[in-house]
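Chemist: Mind looking over this structure? Questions follow.
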Amino acid sequence: MSIETETQVGAFEKIASGLYLEGLAVDHDRGAIWYSDVIAGGIHGVMRDGSTRSFNAGRMWTGGIMMNADGSVLSSGPGGIMWNNPDTGKSGWLIHEIDGQAINGINEMMPDGTGGIYFGTNDIEKVITGETTRPTALYRLTVERQLIRLADGIGFTNGIMLSPDRTRFYCNDTFVCTWAFDVGPDLSLSNKRVFLDKIDVDGMALDAQGNAWITGFRSSHLTRVRPDGTLLEPVQTPAGAITQLRFGGADMRDIYFNSVPADGGDGLKDGVLPTRHDSVLYKGRSEVPGMRIDPARFDLG
């Protein structure tokens, strides 16, 4: 189907499927939606006209996707962050080492508002074997590719968001809660505190009013939280559980989210890989517009 098809509030349409869909990005310039399948591998795109494109076919465990200003698609996962330009076919590594050591894994990414990105690490080695993961950290990679360590001791970094005024930063700690941080003038993070006390927080997006929309790998609804922590009415969906969501469309009221079976996240945690293609990318419609996620501005050569 064409992703430009009008969808009504409360209605949901399936636009793609796979084994376990995770990373998600709206490509406003191409009118495309890019998503990852962490088990089947690869980055896949549903284009404006309904056609599809794919690359990185052999790369599993890509948890995050976002755009760069030159049209390249950034994708996280084992070894660090890759870039692929779907138009030229060129690709490379944005970052593949931390402190001179090979990167175990990187999960979600978020623009820092100055051309660089924030990102969180994850313990891919333990995820693959179904063992308890080791603590992870948050970093910022400046547009000049200076790497800055910002926060330690997070159990499993997942969905991250930066408020439009760059004063507040959110990070899902998948099996613990959603954390909030204050953001300094130098984009550093401080004053870590619980924002949402929920033990299955996964992906995240912000709407234009600054409310956080948070997914859960055991939750079929989208949890919505005001900046002051007040819970809003959740958005119910036909999903078993939801890994990630993004806003898109000309008016930023389209919502796209990856769903998995209700027990899919717990199975993955225990090292049980799905074998059925019943993970679905849905398109829905929001009553309020979402916050646009602008591309990073790295010079990829």
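Chemist: Tell me, what is the percent relative contact order of segment 13-285, built from C-alpha pairs under 8 Å that lie six or more residues apart?
Modeler: It rounds to 15 percent for segment 13-285.
Chemist: On to the next question. Taking only Cα atoms and a 10 Å spring cutoff, compute GNM fluctuations for the chain and point out the largest among ASP37, ASP197, ASP27.
Modeler: Among ASP37, ASP197, ASP27, the largest mean-square fluctuation in the Gaussian network model of the chain belongs to ASP197.
Chemist: What order, most packed first, do the peptides 84-92, 285-293 have when packing is the mean number of other Cβ atoms within 10 Å of each residue?
Modeler: Order by mean packing, descending: 285-293, 84-92.
Chemist: With an 8 Å cut-off on Cα pairs and a minimum separation of 6 or more residues, tell me the relative contact order of segment 160-301 in percent.
Modeler: Answer for segment 160-301 is 17 percent.
Chemist: Can you give me the distance in nm between label points at THR230 and LYS126, each placed 7 Å from the Cα along the Cα-to-Cβ direction?
Modeler: Using points 7 Å along Cα→Cβ, the separation is 3.8 nm.
Chemist: Classify segment 1-108 as rounded, prolate or oblate, taking a ≥ b ≥ c as the square roots of the eigenvalues of its Cα gyration tensor: rounded when a/c is under 1.5, otherwise prolate if a/b is larger than b/c and oblate if not.
Modeler: Taking the square roots of the gyration eigenvalues as a ≥ b ≥ c, segment 1-108 is prolate.
Chemist: Within segment 123-177, report the GluC sites (Glu not before Pro) that DSSP leaves as loop and that have at most 12 other Cβ atoms within 10 Å.
Modeler: Sites meeting the loop and neighbour criteria: GLU144.
Chemist: Ranked by Cβ crowding within 10 angstrom, fewest neighbours first, how are ILE148, ILE242 ordered?
Modeler: Neighbour counts put them in this order, fewest first: ILE148, ILE242.
Chemist: In debye to the nearest 20, how big a dipole does segment 126-284 give about its Cα centre with +1 on each Lys and Arg Cβ and -1 on each Asp and Glu Cβ?
Modeler: Dipole magnitude for segment 126-284 comes out near 220 debye.
Chemist: If we sort 221-230, 157-166, 184-193 on the protection proxy, mean other Cβ atoms within 10 Å, highest first, what's the order?
Modeler: Packing order, densest peptide first, comes out as 157-166, 221-230, 184-193.
Chemist: Right, here's the next one. Between LEU196, LEU141, LEU232, find the one with the highest GNM mean-square fluctuation for the chain; connect C-alpha pairs within less than 10 Å.
Modeler: It is LEU232.
Chemist: Within segment 219-301, list the chymotrypsin sites (Phe, Trp or Tyr not before Pro) lying in a DSSP loop whose Cβ has at most 16 other Cβ atoms in a 10 Å radius.
Modeler: Answer by residue number: there is no such site.
Chemist: Something else now. Can you compute the charge dipole magnitude of segment 142-211 about its Cα centre, using +1 on each Lys and Arg Cβ and -1 on each Asp and Glu Cβ, nothing else charged? Give it in debye, rounded to the nearest 20.
Modeler: It comes to approximately 120 debye.
Chemist: At 7 Å along Cα-to-Cβ for each site, give me the label-to-label distance between VAL288 and ALA137 in nm.
Modeler: Modelled inter-label distance: 3.6 nm.
Chemist: Which of ASN122, SER279, THR136 sits farthest toward the positive end of the charge dipole of segment 13-285, with +1 on the Cβ of Lys and Arg and -1 on the Cβ of Asp and Glu?
Modeler: Positive-most Cα among the choices belongs to SER279.
Chemist: Let me ask something additional. Scan segment 1-70 for GluC sites (Glu not before Pro) in coil per DSSP, keeping those whose Cβ has at most 11 other Cβ atoms within 10 Å, and list them by number.
Modeler: Passing both the DSSP loop test and the Cβ count: GLU6.
Chemist: To the nearest 20 Debye, how big is the dipole of the chain about its Cα centre, given +1 on the beta carbon of each Lys and Arg and -1 on that of each Asp and Glu?
Modeler: 20 debye
Chemist: From the helices alone, meaning DSSP H stretches of at least four residues, give me the mean residue ellipticity at 222 nm for the chain, per-run term -39500 (n - 2.57), in deg cm²/dmol to the nearest 500.
Modeler: Value at 222 nm, helices only: -1000 deg cm²/dmol.
All of the numbers you see were taken from the coordinates with simple rules; none came from a lab. Values in this document were obtained by computation on a predicted structure and should not be read as measured data. Every residue, glycine as well, gets a Cβ built from its backbone with ideal geometry; the counts of neighbours run over all protein chains shown.
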